[in-house]
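Below is one structure; the comments refer to it alone.
The values are calculated or read from the model by the stated rules, or taken from the named source; none is laboratory data. Quantities reported herein were computed from a predicted structural model and do not represent experimental measurements. Reconstructed Cβ throughout: ideal geometry from the backbone, glycine too, with neighbour counts over all protein chains shown. For accessibility, only protein heavy atoms count, side chains too; no ligands or nucleic acids. Shrake-Rupley method; radii C 1.70, N 1.55, O 1.52, S 1.80 Å.
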Amino acid sequence: MVRHCLAALAALLALSGQAHSAGMTGTVADSWETAVRDANLTLTNPLTGATLTSTTNQAGEYGFSQVTSGRYDLSVRAGGFKLYTRHSVEIGGEANLRMDVTLDHENDLAPVGDLEKLAAGKPDDYLMHFNLGRAYFAKEETEKAQQQFEETLKLRPDYTPAKIALTQLALRRGAAAEALQYAQEVIKLKPASGAATLLAAAAYLRLGQMDVASDLLDKLLKNNPNNTDVLLESGVLNLQRKHYPEAEAAFRRAYTLDPSNLRGLLGVAEVHLQMKEPEKAVQTIAAEAEKDPQRADLRKELATVELRAKQYDKAIADYQAILDKYKDTPKEQAELYSYIGGAYQNHGDLPHAIENFKKAMQLAPDKIAHIISLASAYDTSGNSKDALVYYRQALKMEPENAIVMNNAAYVMAKSGGDLNEALRMVQSARRQLPNMYEVLDTLGWVYLKMNLVDSANQVFQDLVEKSGNNATFHYHYAMALAQKGDKAGALKECNLALQNNPGKDEEVQIKEMIRKLS
């Protein structure tokens with residue numbers, strides 16, 4: 001009986017015209033917006049298994065027609081590119097759906113050394129310089145990549161892939177204004193460039209011009225509603241605006257379309273973290289990890305969210321559970337040891353933190369972040385001698401690293417080291433980071449240790465006025481005032497420090513100072 005009713009309903013829907021058909025068109029290109037010809041596209045109905053196929057022409061264009069309304073899975077294959085898949089692509093309605101596809105290159109380039117020789121032999125070949133830049137880009141040698149992309153544009157100023165690459169590099173460096181300039185140059189040459197428009201939106205967002213970024217993203221989504229990169233950027237925009245439901249919807253849609261890209265899932269977790277719902281953030285990732293326990297990437301992200309939710313024991317256990325899965329990739333395993341070290345440090349277990357940071361450093365000795373983490377752990381443990389040893393090691397790798405110079409100067413001043421060297425270091429750090437509060441605090445601390453009390457007081461007075469509620473800065477200002485003989489002012493700053501949630505050790509020191517001053 002039920003079976004007959006369902007059959008009759010299906011026939012009625014078909015006769016009444018409810019089974020709409022529509023089409024889907026678009027282009028296939030690489031991340032530099034170079035058209036990909038002869039790419040094979042397959043549209044699959046996951047309920048029936050029925051498939052439709054299409055192939056791109058020389059301009060990278062494809063098309064599907066007479067597609068029954070519904071949700072489909074799309075896959076795209078092309079020589080030299082990674083397989084592209086999108087799930088739950090909704091097709092239907094009156095208008096055709098437009099969906100442009102961006103493919104990621106396989107490692108189709110020659111080794112960097114070979115490309116360097118070829119580029120040297122063909123100095124006027126713009127494509128040779130561009131491919132060498134791509135190779136450097138893939139190896140994250142960003143300065144060398146930038147040089148080659150700039151050389152490409154000297155030879156061919158209108159070559160938009162190089163401009164797009166420079167836009168991406170500028171965004172990575174945090175140079176949003178520079179990125180916007182490059183993106184606008186591409187849009188001037190190619191007004192329909194989706195990649196450049198998206199990058200421009202990202203630059204506007206980072207410059208704080210959210211309304212402009214929103215307009216560009218809305219335009220892109222209207223033309224291509226299944227573009228995961230646009231959805232992710234839209235999620236970031238709404239997250240910054242604290243429009244949490246809209247942000248979560250964009251992130252969930254991106255993850256549904258492309259579950260292999262965890263940024264959408266992590267975006268949903270970030271929404272819950274910002275809404276002060278850490279348990280929901282953890283549950284979001286845990287639910288996906290339970291579906292596929294063999295996915296080390298999901299377990300890793302679960303541990304990271306647990307770490308941010310201050311579930312340190314769980315985070316450590318989950319990181320340790322996947323260490324063996326990365327045994328063939330030392331740098332990635334080193335990163336896990338570093339995360340474990342960070343979890344132990346936050347948990348107050350400094351010996352285990354130091355042990356894991358050392359393992360990370362041994363596996364990836366060229367990674368300065370692991371050395372800095374080890375130095376910081378030694379400093380927190382009160383071992384200034386070893387902290388300074390590793391800060392100096394980091395400075396051998398990056399002599400102008402302002403953060404490392406600032407930290408090393410602070411340790412020197414605190415431990416009775418060479419104060420003149422400490423002053424030179426912190427002044428160099430300040431030239432690079434003139435508005436960073438921690439650098440100003442170190443400068444005041446060094447002045448105080450050098451008995452330049454008036455200079456220290458001036459720095460700390462400016463610092464507490466600018467930074468507002470920071471227990472450490474108020475405490476250090478109190479020390480400077482006390483050294484000058486201003487007990488009333490010192491007591492006032494000590495009390496302000498206590499009102500601003502100092503750490504446990506610092507709270508003990510502040511109370512002891514109040515006792516002595518009283």
### Query
Roughly how many whole Å is it from the C-alpha centroid of the range 224-239 to that of the range 412-448?
42 Å
### Task
Divide by every residue of the chain the summed helix terms, -39500 (n - 2.57) for each DSSP H run of at least 4, and state the resulting mean residue ellipticity at 222 nm, rounded to the nearest 500 deg cm²/dmol.
-20500 deg cm²/dmol
### Summary
So for the range 150-224, using the alpha carbon gyration tensor with a ≥ b ≥ c as root eigenvalues (a/c under 1.5 gives rounded; past that, a/b versus b/c decides prolate or oblate), I'd call it oblate
### Task
Give me the accessible area of Phe251, 1.4 Å probe, in Å² rounded to the nearest 10.
10 Å²
### Message
Can you give me the solvent accessible area of Leu189 with a 1.4 Å probe, rounded to the nearest 10 Å²?
### Response
90 Å²
### Relative contact order of the range 120-226, pairs being alpha-carbon contacts under 8 Å that are 6 or more residues apart, as %
16 percent
### Over the range 111-190 - Rg/Rh using Cα atoms and the Kirkwood inverse-distance radius
0.98
#### Entry: Projected area, mean over directions - the range 400-518, Cα convex hull, nm²
6.8 nm²
### Query
Which one of Ala22, Ala369, Gly341 is farthest out on the positive end of the charge dipole of the chain, using unit charges on Cβ (Lys, Arg +1; Asp, Glu -1) and the Cα centre as origin?
Gly341
### Task
Could you look at the range 69-158 and say what percent of its accessible area is carbon and sulfur, using a 1.4 Å probe and all protein chains?
45 percent
### Task
Only Cα pairs under 8 Å and at least 6 apart count here; give the relative contact order of the range 305-369 as a rounded whole percent.
29 percent
### Message
Relative contact order of the chain, please, whole-number percent, based on alpha carbon pairs below 8 angstrom and at least 6 residues apart.
### Response
5 percent
### Task
Find how many whole Å separate the alpha carbon centroid of the range 117-168 from the alpha carbon centroid of the range 348-388.
37 Å
### Message
Probe of 1.4 angstrom, ligands and nucleic acids ignored: what's the accessible area per residue over the range 186-277, in square angstrom?
### Response
45 Å²
## Note on the structure
Kirkwood Rh for the range 393-450 from C-alpha pairs, in Å, is 10.9 Å
### Message
I'm checking a number: the convex hull volume of the Cα atoms of the chain, normalised per residue, in Å³. What is it?
### Response
199 Å³
### Query
Which value, in Å², gives the accessible area per residue of the range 140-181 when a 1.4 Å probe is used on the protein heavy atoms?
49 Å²
### Query
What order do Lys504, Lys511, Lys358 take when sorted by accessible area (1.4 Å probe), most exposed first?
Lys504, Lys511, Lys358
### Query
Got a sec? What order do Asp441, Asp324, Asp38 fall in by accessible area at 1.4 Å, biggest, i.e. largest, first?
Asp324, Asp38, Asp441
### Summary
With a 1.4 angstrom probe the carbon and sulfur portion of accessible area for the range 284-410, in percent, totals 49 percent
